[in-house]
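A quick write-up on the structure given underneath.
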Amino acid sequence: MHKILTSVMVILCAVAFALAQDSGEAGSKTSAPAIGLGARIAAGYGMLWGLEDDWSGGENDDNPGGIDLELGAVGRYEISSLIHFTPELLFRYANYSQDDDLGEREFEQMNLEVPLLVRANATPKIYAYVGPKLGVNLKSDVSLKAVVKNKGTSGSTPVSVPEKVEQSTFGFGMVVGAGYYVLDKLGVDFRVGLGLSELYPDSKGRFVDLGGAKDLTFKLGANYWVF
């Protein structure tokens, strides 16, 4: 699956680059490229994929998933009226969980991400984009929340046990999406983010084996262009 998804993303990037080259040559005869700056906010569902079937040591080996948010700045460089280069600088927060017989395992991430997107404008209002994303992990925490029975009593105590697995400092992936301008400066979009690098490469062999884990996100977002 990894090789297939990677091949598809490479092909999409190659097509977008070819379109940019052709449109850039045509657009250079008309007017100088325009530059824009704006803000982005998005929310949706994220999950881990690529895990082994028995990764958690419990009976439920479903993929962890949960809320995924992003907020930041977007830029625009107009190669032509049809093709724009739209890099982003985003702060991303994700909180995933998974329940099994051991308790609830929680994954928390805070990342700084830089998607480098090429956008094709199908019409003045409809557009699609694709490109790679680079990421830097700012904070990561994996913990197991369980309920422990008190000795000598009938009560129990909730506990949170940190698990000694560290997220990789750097990561990369791909982004693909499409959007629609509801106003001149306001666009809404749907995007899929596919992680291609392992999140926890040093966890293999531990009780919680997160080897092979990558992220997959689905988000609805809005971009507002200041100019």
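The values are calculated or read from the model by the stated rules, or taken from the named source; none is laboratory data. Quick caveat: nothing in here was measured; it's all calculated off a predicted structure. When we count neighbours, we look across all protein chains shown, and the Cβ atoms used for this are built from the backbone with ideal geometry, even at glycine.
Of everything in the range 121-153, what is small (Gly, Ala, Ser), more than 30 Å from residue 202 (Cβ to Cβ) and modelled with pLDDT of 90 or more? Give them in sequence order. Spell out how you get there, then give the answer.
Let us first name the residues in the range 121-153 that are small (Gly, Ala, Ser), namely 122, 128, 131, 135, 140, 143, 146, 152.
Going one step further and asking which of them are more than 30 Å from residue 202 (Cβ to Cβ), we end up with 122, 128, 152.
Listed by number, the residues that qualify are 122, 128.
Considering only residues in the range 175-216 that are at pLDDT 95 or above and β-branched (Val, Ile, Thr), the one that is surrounded by the fewest Cβ atoms within 10 Å (Cβ to Cβ) turns out to be 182.
Filtered by the rule that a residue be of a type in the set (Lys, Arg) and closer than 18 Å to residue 215 by Cα, the range 67-93 gives a lone residue, 92. Taking residue 165 as the residue in question, decide whether it is buried (at least 19 other Cβ atoms within 10 Å of the Cβ), without any contact (Cβ under 8 Å) to a residue 60 or more places away in the chain and either in contact with a helix residue (DSSP H, G or I) (Cβ under 6 Å, 6 or more places away or on another chain) or among the β-branched types (Val, Ile, Thr) (or both). So residue 165 fits the description; yes. Residues that are surrounded by fewer than 19 Cβ atoms within 10 Å (Cβ to Cβ) and among the aromatic types (Phe, Trp, Tyr) within the range 86-118 comprise 91, 93, listed in sequence order.
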